[in-house]
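Undergrad: What follows is a single structure, and I will ask about it in a moment.
The values are calculated or read from the model by the stated rules, or taken from the named source; none is laboratory data. These figures come from a predicted structure and were not determined experimentally. Because the Cβ atoms are built from the backbone with ideal geometry, glycine has one as well, and the counts that use them run over all protein chains shown.
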Amino acid sequence: MIDFLAAAIRIATPLLLAALGGILSERAGVFAVGLEGMMLMGAFASIVGAWAAHSALAGVLLALVGGATIGVVIAIVTVRFRADNMVTGLTANILAAGLTSYLLRALAGGGRPIAIHLTPLPPWPIPKLDQIPVVGPLLFSLPPLTYLAIVGCIGLHAFLLRTRTGLTLRATGENPEAAFASGAEPMRVRVLAVVACGAIAGLGGAVLSLQQVGTFTDGMTGGRGYLALASLIVARWNPIGAALACLAFGAAEAFELRLQGFGVPVSSYIVQMAPYVIALAVLAGLGRSSRMPASIGQPLQWD
Amino acid sequence: MPAFLEMRGIVRRFGGVTANDGVDLDLNEGEILGLLGENGSGKSTLMKVLFGMIAPDAGRIVYRGLPLSGHRPSDTMAAGIAMIHQHFMLIEAMSVVENVMLGWPAAGRILKRAEMAQRVREASRRFGLDLEPDAMVADLPLGRRQRVEILKAVLREAQLLILDEPTSNLAPREVADLLTILRRLRSEGKGIIFITHKLPEVLEVCDRVVVLRAARVSGGARIGEVTRAQLAEMMVGHDVTAPHAHRSPTKGPVRLKVEGLESPGLGPLSFEIRGGEILGVAGVDGNGQIELAETLAGLRRPRAGAVMLDGRDITHAAVAARTKAGVAYMPADRSSTALVRRLSIAENLMLRDSREPPYGQGMFLSVAGLQNQARRLMKEYDIRGEGPKTPAAKLSGGNQQKIVVARELDRKPAVLIAHQAAWGLDPGATRFVLERVLALREEGAAILYLSSELEEVLEISDRIAVMANRGFAGVTMRDGADIRQIGLWMSGRAG
Amino acid sequence: MTDTAPSAQDSWLAYVWPPRLRLANSMAGRVAAAAALSVALSALLVALSGHNPYAAFAAMLKGALGSPHQIGFALNRATPYLLAGSGVALCFRAGVINIGAEGQIALGGVGAAAVALHFPASLSALAVVSALAGGAVFGALWAGLATAIHLGRRVHEVLTTLLLNFVALLLVQQTLAGPLGQFGAGFLQSPELPRAAWLWKVPEFGAHVGFPIALVAAAALSFTVWRTPFGFSLRVAGSSRRAAAYAGFSAPAITWSVMLIAGALAGLAGGVEALGVQHRLIEGFSLGFGFKAVTVALLGALEPLAVAPAALFVGMLEAGAQSMQRQIGVPSALVVVIEGLTMLFVLAAMVRRA
């Protein structure tokens, strides 16, 4: 059971980081369809950074930069040029897939991808606390980026509700013209929110590559960015809710791994569909009651 | 000592339209200045330039010795200028105190929510605003929302307040309260610019007035040294329109009959309109007018009640069926309901009739039909655009509304629902719209004319109903109507 | 305005020659600039990785057009993009952001393969038509499912179509592991389809009949958009939902129509790929096709006929990429970078008016 929960947390961590970034972006009024590309770029940059600099910290920092780069691209095209958020996000995902795949091979100088194998980041047990039965191994013996995700989740919640900047960000997502009339700069707010979203989602990618596997493969995010997007909508743009939604998706996937382990005669393909089907079912269940930030997806209208 | 506010030679163009053409304006401390002008005369543009929401093409602004140029709202607010917009700049999904804290440095980087709530309560008491800090803006009536805007201004210790058409969404009672609040602010030495096109309010509360007409200053005077007629002449360039020559209503049969009509935000409501009769609906916006118009037009489903057209039940008919049955509708929202701005004039003319000849021929659109019909309607309804293919967005507001008039009236409808049909139009276009509606009346149609401009309703109607609280507060014949009684109905007191 | 004779601009040709195309004309320069800019950026990328960009692009061009066989390959490559892309363009024009082509194409492949394998017809024409119809029906069904959830439960169509893509890909794997699979093949694929169901090919070029079919479909869609009341209603709906309701157009009916048409075309694309190129159903046979469909729809400024050159452009890029990698050693993933960059530049070039 503890193993199962630990697996759920492990699977949920990259999703959660991406979802947190997505909440920032969407509450500022920009759809976060580009999470997948941001994660992929973060995953790639962190592995290459850690490998080149022989430092995990360098990897983490580069993950921030890599994800933020995609964020900058999306911010320019959607905020400055007022392009459709959804299509721009998808495009950025394609670009990230192509760029990481190309660079991985270009680094080796030819047609074959470069092979980087690093040791995945080990857990950092917190002394004493990790000895508590059940809770200790589950919550106090986690790898570093997982702690960061948990802290980030609470921090984001406080940021949105308790700080002036958070208030401005929410106002921009609700009614940018009113925010502008109140002295905010909606364009700046949206650009920064999308770039920050990229950096945080990039960390989510680093969890996959640097913390969990120790290598990068083409398209290794495998749709997790989209799943993070689904989870933040299911959670109605609330960070704490997003954590729960990610955990639920994590549990579904962990359950599938379990079933395979026990040789239960259920097709793994059917079980792999679970997160997507659950997300659809929850969205369908919420239906109209999921109130989006009022101005989301709408371009800024004045000079 | 430098002047309190000095604006010189302000010019601002939008595309081909000049909204301000060398406008000068001065304001003193402790003074309420009325900025008067018709819709579209450039008042709002001038004030948005002052507030820094749009940049002027030329001109300079000096506020208490401080030149303002390239400024943004954040700069002007820091300098002590506040603007209360016609369409309130509030976040509906947030509480009063959150709206107050938004963009206000004094709220602290980490929000001092409790302290701010306390200040909201104090200021609310001091100025008689009656606001609770934790109330959600979405739940407040429009009059209260305006007070949130005033609260924001006074808490930030603004010395100059700009109010853009502050009374347009208010009932008479709320207007009186607002004027009281403004006098109290003046007595504290604040300068106030009061933008309006309503003369009585100007005469009641202002110290001085500046009048704009067609993007230029057409006059100015101290209140007390000028008569209402003189102000009106400055505004429109000639004496105020004489009331329409009114023919006695042809007593036709009942064409539109509404019984116990109910939908969210409306009713229950019952009334009848005869052929050749105009029922004018006056009242403050937001009392069920849009609900009434859209329910009759088939855009909203009624919860209960019946709508009969010439004795036929059309309560549940779809929009297309209603149009075919003879219901015409001119919506209040021109820019994205009545018209599709990026489509051509010709396409907008066929918007509601694309499946019918001469436009639709079976499965296909007839290019020739579209061409000829558009040419004819543009001529007959005096729609001035380069050609049928010109996008509607390129036309002036008056010509855009003429497209709607041409489309809806050329069908020879049995019933016309016109909502804010002359809103924001220049005097010429207004007259055009009113004359066409009156001509339709002569042809025997039943007309429901909804407008928040009381004078317009008085001018055109045979009977007048006043909407308040989702229904008719009272109905009266136009001839011999008691204006005071209508005012009482508008403030929500049933007669 | 001076009174002059009506210019060509003003003629009623504009209704035959759609205004949007004229807009695309005025924008053609911008789209070309966007493509050029992205190629230039990619050249920089190639140079940075230590290769000669000129040699790389020369190899690419030769790979795309160097021989009849290569031209056929590029045409075959462009076919599913054109089919699915013109459907996507129709949806976008109606304001329905359908990004489910990926899943609809995949299931279209399943439908075509299932019909070809289970209802073999000896008559080639019958076999091909029935298999393609099977693909179209499967694609439309999948689009219909997304539409039902979107309209029935008011879930944003981007989310329903997107999430169903992932379900569809897994569903294809499931059918290949089960009913349609070839036992003992080592990986997920169906047995070879009966020859009668293969698409007819132009000898020497190897181009199958899919591209002409796709062109006809795009032309039909373009005609629908500009010359029918239905097309008018979807253009209105795409500009303003409220105006569409006021005009008496039913938004759900429009959404259903464009989604089913787009789904059928995407399904057809999957079928054409299976019957014309692979001759069997293989796992991941259409990976990324759906997103390419969105790319070419936008490159074609949402005008179904203009999607054709856009699809050819992408098809040629991809045909050339293989030989570029083989000959010069520049990774073929460069093509994906060029596609992504081009699309971003095009998106930025289509600045929406405030």
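Undergrad: I want to confirm something. Restricting to region C:219-247 and keeping residues that are polar (S, T, N, Q) and in a helix (DSSP H, G or I), which single residue is farthest from B:Glu347 (Cα to Cα)?
TA: Among them, the one singled out is C:Ser222.
Undergrad: Would you confirm whether any residue within region B:147-164 is touching a residue at least 24 places away in the same chain (Cβ under 8 Å), touching a strand residue (DSSP E or B) at 6+ places or on another chain (Cβ under 6 Å), within 30 Å of B:Leu488 (Cβ to Cβ) and at the interface with chain A (Cβ under 10 Å from one of its Cβ atoms)?
TA: Taking every residue of region B:147-164 in turn, at least one turns out to be touching a residue at least 24 places away in the same chain (Cβ under 8 Å), touching a strand residue (DSSP E or B) at 6+ places or on another chain (Cβ under 6 Å), within 30 Å of B:Leu488 (Cβ to Cβ) and at the interface with chain A (Cβ under 10 Å from one of its Cβ atoms).
Undergrad: If you don't mind, there's one more thing I want to ask. I need the full set of residues from region B:323-347 which are surrounded by 17 or more Cβ atoms within 10 Å (Cβ to Cβ) and more than 8 Å from chain C (Cβ to nearest Cβ), in order please.
TA: Answer for region B:323-347, where residues must be surrounded by 17 or more Cβ atoms within 10 Å (Cβ to Cβ) and more than 8 Å from chain C (Cβ to nearest Cβ): B:Gly326, B:Val327, B:Ala328, B:Met330, B:Ala332, B:Arg334, B:Ile345, B:Ala346.
Undergrad: Among what's in region B:263-287 and is of a type outside the set (A, V, I, L, M, F, W, C) and surrounded by 23 or more Cβ atoms within 10 Å (Cβ to Cβ), pick the residue that is farthest from B:Gly471 (Cα to Cα).
TA: My answer is B:Glu277.
Undergrad: Could you list all residues from region A:258-273 that are crowded, with 18+ Cβ neighbours inside 10 Å and part of a helix (DSSP H, G or I)?
TA: A:Tyr269, A:Val271, A:Gln272
Undergrad: Another question, if that's okay. If a residue must be more than 14 Å from chain B (Cβ to nearest Cβ), touching an Asp or Glu at 6+ places or on another chain (Cβ under 8 Å) and assigned to a helix (DSSP H, G or I), how many such residues does region A:123-179 contain?
TA: Qualifying residue count for the region: 2.
Undergrad: Among the numbered criteria (1) outside any helix (DSSP H, G or I); (2) away from every other protein chain (no Cβ under 13 Å); (3) not aromatic (Phe, Trp, Tyr), which one does B:Leu292 miss?
TA: With (1) outside any helix (DSSP H, G or I); (2) away from every other protein chain (no Cβ under 13 Å); (3) not aromatic (Phe, Trp, Tyr) applied to B:Leu292, the lone miss is (1).
Undergrad: Here is a list: A:Gly29, A:Gly21. Which entry is away from chain C (no Cβ under 14 Å) and outside any helix (DSSP H, G or I)?
TA: Sole residue among the options that is away from chain C (no Cβ under 14 Å) and outside any helix (DSSP H, G or I): A:Gly29.
Undergrad: Additional query: Can you find a residue in region B:25-43 that is away from chain A (no Cβ under 14 Å), over 26 Å from B:Arg147 (Cβ atoms) and β-branched (Val, Ile, Thr)?
TA: no
Undergrad: Now for a separate question. When the residues of region C:44-58 are narrowed to those that are part of a helix (DSSP H, G or I) and more than 13 Å from chain A (Cβ to nearest Cβ), which ends up nearest to C:Glu204 (Cα to Cα)?
TA: Once the filter is applied, the top-ranked residue is C:Ala58.
Undergrad: Can you pull out the residues in region B:49-75 that are of a type outside the set (A, V, I, L, M, F, W, C), outside any loop (DSSP other than H, G, I, E, B) and at pLDDT 90 or above?
TA: B:Gly59, B:Arg60, B:Tyr63, B:Pro67
Undergrad: Is it the case that some residue within region C:158-178 is touching an Asp or Glu at 6+ places or on another chain (Cβ under 6 Å), assigned to a loop (DSSP other than H, G, I, E, B) and farther than 25 Å from A:Gly34 by Cα?
TA: Looking for residues that are touching an Asp or Glu at 6+ places or on another chain (Cβ under 6 Å), assigned to a loop (DSSP other than H, G, I, E, B) and farther than 25 Å from A:Gly34 by Cα, one finds none in region C:158-178, hence no.
Undergrad: Find the residue count for region B:161-210, including only residues that are in a strand (DSSP E or B) and within 19 Å of the chain's Cα centre (by Cα).
TA: Residues in region B:161-210 being in a strand (DSSP E or B) and within 19 Å of the chain's Cα centre (by Cα): 6 in total.
Undergrad: Is it the case that region B:132-140 has a residue that's out of contact with any helix residue (DSSP H, G or I) (no Cβ under 7 Å at 6 or more places or on another chain), surrounded by 21 or more Cβ atoms within 10 Å (Cβ to Cβ), within 14 Å of chain A (Cβ to nearest Cβ) and part of a helix (DSSP H, G or I)?
TA: No, that holds for no residue.
Undergrad: Taking helices (runs of 4 or more DSSP H) that do not extend beyond region C:266-354, which have at least 1 residues that are within 25 Å of C:Ala59 (Cα to Cα), more than 11 Å from every other protein chain (Cβ to nearest Cβ) and among the hydrophobic types (A, V, I, L, M, F, W, C)?
TA: C:289-299, C:304-328
Undergrad: Going by what's in this entry, would A:Ala115 be described as part of a loop (DSSP other than H, G, I, E, B) and either more than 14 Å from chain B (Cβ to nearest Cβ) or crowded, with 21+ Cβ neighbours inside 10 Å (or both)?
TA: Answer is yes for this residue.
Undergrad: Which count do you get for residues in region A:93-112 that are crowded, with 18+ Cβ neighbours inside 10 Å and either away from every other protein chain (no Cβ under 11 Å) or touching a residue at least 24 places away in the same chain (Cβ under 8 Å) (or both)?
TA: The total comes to 10.
Yes/no matrix, rows are residues, columns are (1) within 14 Å of chain A (Cβ to nearest Cβ); (2) farther than 24 Å from A:Gln272 by Cα; (3) aliphatic (A, V, I, L, M); (4) in a helix (DSSP H, G or I):
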{"position": "C:Ile99", "(1), (2), (3), (4)": "yes, no, yes, no"}
{"position": "C:Gly109", "(1), (2), (3), (4)": "no, no, no, yes"}
{"position": "C:Ala127", "(1), (2), (3), (4)": "no, yes, yes, yes"}
{"position": "C:Ala133", "(1), (2), (3), (4)": "no, yes, yes, yes"}
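Undergrad: Additional query: Scan region A:199-250 residue by residue and report those that are touching a Phe, Trp or Tyr at 6+ places or on another chain (Cβ under 8 Å) and either of a type in the set (Ser, Thr, Tyr) or within 28 Å of A:Pro293 (Cβ to Cβ) (or both).
TA: Those that are touching a Phe, Trp or Tyr at 6+ places or on another chain (Cβ under 8 Å) and either of a type in the set (Ser, Thr, Tyr) or within 28 Å of A:Pro293 (Cβ to Cβ) (or both): A:Gly205, A:Ser209, A:Gly223, A:Tyr226, A:Leu227, A:Ala230, A:Ser231.
Undergrad: Just for region C:155-169: of the residues that are of a type outside the set (S, T, N, Q) and more than 7 Å from chain A (Cβ to nearest Cβ), which one is nearest to A:Phe31 (Cα to Cα)?
TA: It comes out as C:His156.
Undergrad: Being of a type in the set (A, V, I, L, M) and in a helix (DSSP H, G or I) is the requirement here; does B:Ala158 meet it?
TA: Criteria not met by B:Ala158.
Undergrad: If you check C:Gly178 against the conditions, is it surrounded by fewer than 24 Cβ atoms within 10 Å (Cβ to Cβ), out of contact with any Leu (no Cβ under 6 Å at 6 or more places or on another chain), within 8 Å of another protein chain (Cβ to nearest Cβ) and over 30 Å from A:Gly285 (Cα atoms)?
TA: yes
Undergrad: Restricting attention to region C:248-257, report how many residues are more than 7 Å from chain B (Cβ to nearest Cβ) and not in a helix (DSSP H, G or I).
TA: Counting residues in region C:248-257 that are more than 7 Å from chain B (Cβ to nearest Cβ) and not in a helix (DSSP H, G or I) gives 2.
Undergrad: Ok, one more. Can you spot a residue in region B:108-119 that is within 14 Å of A:Arg170 (Cβ to Cβ), of a type in the set (Gly, Ala, Ser) and within 12 Å of another protein chain (Cβ to nearest Cβ)?
TA: no
Undergrad: Another question about this same structure. State all residues of region C:230-252 that are within 21 Å of B:Gly362 (Cα to Cα), crowded, with 21+ Cβ neighbours inside 10 Å, more than 26 Å from the chain's Cα centre (by Cα) and not hydrophobic (A, V, I, L, M, F, W, C); if no residue qualifies, say none.
TA: Residue satisfying the conditions is C:Gly248 alone.
Undergrad: From the list B:Thr76, B:Thr18, B:Thr45, pick out the single residue that is surrounded by fewer than 20 Cβ atoms within 10 Å (Cβ to Cβ) and under 27 Å from the mean Cα position of the chain (by Cα).
TA: None of the others qualify; the one that does is B:Thr18.
Undergrad: I need the full set of residues from region B:153-189 which are modelled with pLDDT under 85 and among the polar types (S, T, N, Q), in order please.
TA: Result: B:Thr167, B:Ser168, B:Asn169.
Undergrad: Out of B:Pro413, B:Pro358, I need the residue that is modelled with pLDDT under 90, under 26 Å from B:Leu309 (Cα atoms) and either more than 9 Å from chain C (Cβ to nearest Cβ) or out of contact with any Cys (no Cβ under 8 Å at 6 or more places or on another chain) (or both). Which one?
TA: Testing whether each residue is modelled with pLDDT under 90, under 26 Å from B:Leu309 (Cα atoms) and either more than 9 Å from chain C (Cβ to nearest Cβ) or out of contact with any Cys (no Cβ under 8 Å at 6 or more places or on another chain) (or both) leaves just B:Pro358.
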